[in-house]
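Down below is the structure, laid out as structure tokens.
The values are calculated or read from the model by the stated rules, or taken from the named source; none is laboratory data. All values reported here derive from a predicted model rather than from experimental measurement. Virtual Cβ from ideal backbone geometry, glycine too; neighbours counted across all protein chains shown. Keep in mind that these areas ignore ligands, DNA and RNA; they rest on the heavy atoms of the full protein, side chains included. Shrake-Rupley method; radii C 1.70, N 1.55, O 1.52, S 1.80 Å.
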Amino acid sequence: MNDTVTILGRVGGDPNRSETTTGVPVVNFRVASPQRRFDQKAQTWIETGTNWYNVSAFRQLAEHAKASLHTGDGVIVTGRLKLREWESGGKKGLSADIDADAIGHDLRWGASAFAKARTATPAQVPVDAGTETQQGSEADADDDPFSGSSAAPSPEPAFAGEAWTTGD
């Protein structure tokens, strides 16, 4: 099973940062998603259980999640759900794991301040094997695809160290 889901819940513990064997940042944390229903007779909400999800985030999303999330924070997580059977010490169970595509604070429960990530590009990137170079600079609002600017974003290398040209 590999379905895209969106869950709402609370962070169960501060995110734990590690790296894959290839050096890719990864953050893992758990999210508790309580299930409730409204009891018409009692005119009150009744807790009917809690689903727990193991959430993993990679690369820049991992770094941002580590810097932003804390135990008890209300969150919204969208990602790919994977159900995994496990067995340990004679016990069997089913784990609900989510590889996160997006994570955000649930603003129904409080305010959040957003700080746009400012990534630096290499100071000088070789264009070819010759002596010509392209000056890099810090990304700015013109590179934001949601800023409403009609300017095309500057090209970026597919991986660190790859050269690119601007067509000039």
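Charges were assigned to the Cβ only: +1 to each Lys and Arg, -1 to each Asp and Glu. The resulting dipole of the stretch 16-94 about its Cα centre is roughly 180 debye. Please report, largest first and rounded to whole Å, the three semi-axes of the ellipsoid equivalent to the stretch 6-76, where each semi-axis is the square root of five times an eigenvalue of the C-alpha gyration tensor. Over the Cα atoms of the stretch 6-76, the semi-axes work out to 32, 10, 8 Å. Maximal additional length on extending the residue 37-residue 6 stretch stands at 9.3 nm, based on 0.36 nm per residue less the C-alpha distance.
Highest mean first, the peptides 33-46, 12-25 sorted by other C-beta atoms within 10 Å per residue fall in the order 12-25, 33-46. Averaging the sequence gap over all C-alpha pairs within less than 8 Å and six or more residues apart, then dividing by the number of residues, gives the stretch 4-48 a relative contact order of 31 percent. The 1.4 Å probe gives accessible areas that order 69, 94, largest first, as 94, 69.
One quarter of the convex hull surface built on the alpha carbon atoms of the stretch 1-124 amounts to 11.5 nm², the projected area averaged over directions.
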